[in-house]
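Colleague: Take a look at the following structure, please.
The values are calculated or read from the model by the stated rules, or taken from the named source; none is laboratory data. Note that this is a predicted model, so its numbers are computed, not measured. Every residue, glycine as well, gets a Cβ built from its backbone with ideal geometry; the counts of neighbours run over all protein chains shown.
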Amino acid sequence: MLPLATDWATISSLATAGGTLVLAVATFASVRSANRSARISELALQEQRRPVLAPSRLEDPMQKIMFFEGNWVRAEGGRGVAELVEGRVYLALSLRNVGSGIGVCQGWAVRGGRSALRTAPMHTPEDQFRPQTRDLYIPGGDIGMWQGAIRSPDDPAHADLVEAVENREPITIELLYSDQVGGQRTISRFGLVAVGDDQWLASLNRHWYLDGPGPRDEEAAIARAREILREQGLAEEEIDAQLAR
């Protein structure tokens, strides 16, 4: 009976292949872990630069704002301005950046009336925003302001705004802004509601992130809002029915 011969070449090849496989698995795990760490670091950096605009606090100091014609307005904390002067509509908001990054206003849209889910479930299309002619920067964790004006009677928004200011009706303002390098574009919807004889209280309704997912799923948020509206409608119908008895 012949003794079995040891095929050292085959054993060596198998050992080399096994070592290569182990090295490939370790490399894949290392690269995957590095990519995950890089994504986490990138998200952390973005959050450090993300601005989030909201109305300022009621106790924040008043801000004096000048327009091109030399007209001055005063926006107190938590409030805005809506003035009609010689046919020109002057608008302003006292803002606070509750995010950590510098906010840069890029554009704005305005209309008379309160924007609700029934009438405006989404923001104004980006191509319909008016470019901001003045550089407006709002530092992170601090107050700032926004200003805009409708001067021409031929402007599509002029008639509605004049009527809203004269009748002290709500006004909707949407601001398009970004971080200091033009990224993380966000649209925030603000409202102005008349209080007293000469003041406008500022409120915030919605945020939309244009360059990435937001903190809430948009479709789920709209579906929930519609569900609330249906419940509200049914409740109103029940109340009307009880009153009719």
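Colleague: Collect the residues in segment 143-197 that are closer than 15 Å to Ala92 by Cα and among the hydroxyl-bearing types (Ser, Thr, Tyr), keeping them in residue-number order.
Modeller: Selection gives Thr172, Ser188.
Colleague: Could you tell me which numbered condition Asn205 fails, if it satisfies all but one of (1) over 18 Å from Arg50 (Cα atoms); (2) part of a strand (DSSP E or B); (3) at pLDDT 95 or above?
Modeller: Answer for Asn205: the failing condition is (3).
Colleague: I'm checking my understanding of the structure. Among residues of segment 49-67 that are loosely packed, with under 12 Cβ neighbours inside 10 Å and out of contact with any Gly (no Cβ under 8 Å at 6 or more places or on another chain), which one is farthest from Ser203 (Cα to Cα)?
Modeller: Met66
Colleague: Of everything in segment 82-113, what is out of contact with any strand residue (DSSP E or B) (no Cβ under 7 Å at 6 or more places or on another chain), closer than 20 Å to Asp198 by Cβ and touching a residue at least 60 places away in the same chain (Cβ under 8 Å)? Give them in sequence order.
Modeller: Leu84, Gly87
Colleague: Let me confirm something: among Gln180, Gln184, which residue is buried (at least 20 other Cβ atoms within 10 Å of the Cβ), under 17 Å from the mean Cα position of the chain (by Cα) and either part of a loop (DSSP other than H, G, I, E, B) or small (Gly, Ala, Ser) (or both)? Explain how you work it out, then say what you get.
Modeller: On the way: Gln180 fails: buried (at least 20 other Cβ atoms within 10 Å of the Cβ).
Exactly one residue qualifies, and that residue is Gln184.
Colleague: Considering only residues that are under 25 Å from the mean Cα position of the chain (by Cα) and not hydrophobic (A, V, I, L, M, F, W, C), look in segment 147-157 and name the one that is farthest from Ala202 (Cα to Cα).
Modeller: Pro156
Colleague: Can I ask one more? Only residues that are of a type in the set (Lys, Arg) and either more than 22 Å from Cys105 (Cβ to Cβ) or in contact with a Phe, Trp or Tyr (Cβ under 7 Å, 6 or more places away or on another chain) (or both): list them for segment 158-185, please.
Modeller: Arg168
Colleague: Find all pairs meeting these conditions: Cβ atoms under 6 angstrom apart; at least six residues apart or on different chains; first residue within segment 225-242 and closer than 22 Å to Ser115 by Cα; second residue modelled with pLDDT under 65.
Modeller: Sorted first by the residue in segment 225-242, then by its partner, the pairs are Ala225/Leu117.
Colleague: Scanning for something crowded, with 17+ Cβ neighbours inside 10 Å and in contact with a Leu (Cβ under 7 Å, 6 or more places away or on another chain), does segment 153-169 turn up at least one residue?
Modeller: Looking through segment 153-169, at least one residue is crowded, with 17+ Cβ neighbours inside 10 Å and in contact with a Leu (Cβ under 7 Å, 6 or more places away or on another chain).
Colleague: Condition first: over 13 Å from the mean Cα position of the chain (by Cα), aliphatic (A, V, I, L, M) and either under 12 Å from Gly148 (Cβ atoms) or outside any strand (DSSP E or B) (or both). Now tell me which residues in segment 80-134 satisfy that.
Modeller: Val81, Ala82, Val89, Leu91, Ala92, Leu93, Ile102, Ala109, Val110, Ala116, Leu117, Ala120 - these are the residues of segment 80-134 that are over 13 Å from the mean Cα position of the chain (by Cα), aliphatic (A, V, I, L, M) and either under 12 Å from Gly148 (Cβ atoms) or outside any strand (DSSP E or B) (or both).
Colleague: Select from segment 79-103 the residues that are under 24 Å from Trp208 (Cα atoms) and surrounded by fewer than 18 Cβ atoms within 10 Å (Cβ to Cβ) and write down the one among them that is modelled with the highest pLDDT.
Modeller: Looking at the filtered set, the residue picked out is Val98.
Per-residue answers, yes or no, for (1) assigned by TED's automatic domain parsing to the domain that holds Gln184; (2) modelled with pLDDT under 60; (3) touching an Asp or Glu at 6+ places or on another chain (Cβ under 6 Å):
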residue: Met1; (1), (2), (3): no, yes, no
residue: Ala24; (1), (2), (3): no, no, no
residue: Thr27; (1), (2), (3): no, no, no
residue: Ser37; (1), (2), (3): no, yes, no
residue: Lys64; (1), (2), (3): yes, no, no
